1. Within the chain, how many Lys pairs that are eight or more residues apart, or on different chains, come under 21 Å at the alpha-carbon?
2. Express the relative contact order of the chain as a whole percentage, based on alpha carbon pairs under 8 Å and six or more residues apart in sequence.
3. Please report the carbon-and-sulfur percent of the accessible area for the range 8-88; probe 1.4 Å, protein heavy atoms only, DNA, RNA and ligands left out.
4. What figure in square angstrom, to the nearest 10, would you give for the accessible area of W111 with a 1.4 Å probe?
5. Can you give the extra length, in nm with one decimal, that the chain gains between T52 and Q113 once fully stretched, where that is 0.36 nm per residue apart less the Cα-Cα distance?
6. Which length gain, in nm to one decimal place, applies between K64 and L11 when the Cα-Cα distance is subtracted from 0.36 nm times their residue separation?
7. Tell me, what is the per residue accessible area of the range 1-73 in Å², probe radius 1.4 Å?
8. With a sphere of radius 13 Å drawn around the Cβ of L85, what net charge do the other residues whose Cβ falls strictly inside it have (Lys, Arg +1; Asp, Glu -1)?
Amino acid sequence: QVQLVESGGGLVQAGGSLRLSCAASGSIFSINVMGWYRQAPGKQRELVASITSGSGRNYADSVKGRFTISRDNAKNTVYLQMNSLKPEDTAVYYCAAKGVRTIPFLVNDYWGQGTQVTVSS
């Protein structure tokens, strides 16, 4: 069984910064893509940023230049550094791990429970 545990959410003023962390645990052999999604009230869940095992990165246009995703493959951990936060960044942020190969060899996708990020104006 694989679990994703997120941390680092909270309340911050506009212009401030937060750093989210997500650690995957279990009988993990490898993880293809790790990423962050967010869902604001009344809106669909959307991709914020993702990173492959080879460090290829993808960002939503709305966060380019403000957010940075990074990854520690040895620790199966992904980070999201969020700078210059705006009220419209307020949402529940979910960690995702896709193409997780476990021992014995099965491949599945997993999601974290979510962490609230609130940006006040």
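The values are calculated or read from the model by the stated rules, or taken from the named source; none is laboratory data. These numbers were taken from a predicted model, which means no experiment stands behind them. Here the Cβ is made from the backbone with ideal geometry for all residues, glycine too, and neighbour counts use every protein chain on show. What goes into the accessible areas is simple: the full protein's heavy atoms, side chains included, and nothing from ligands, DNA or RNA. Shrake-Rupley method; radii C 1.70, N 1.55, O 1.52, S 1.80 Å.
1. Lysine pairs, 8 or more places apart or on different chains, close enough: 4.
2. Rounded, it is 36 percent for the chain.
3. 45 percent
4. 110 Å²
5. 19.8 nm
6. So the extension gain works out to 17.0 nm.
7. For the range 1-73, the solvent-accessible area averages 55 Å² per residue.
8. Value of the local net charge: +2.
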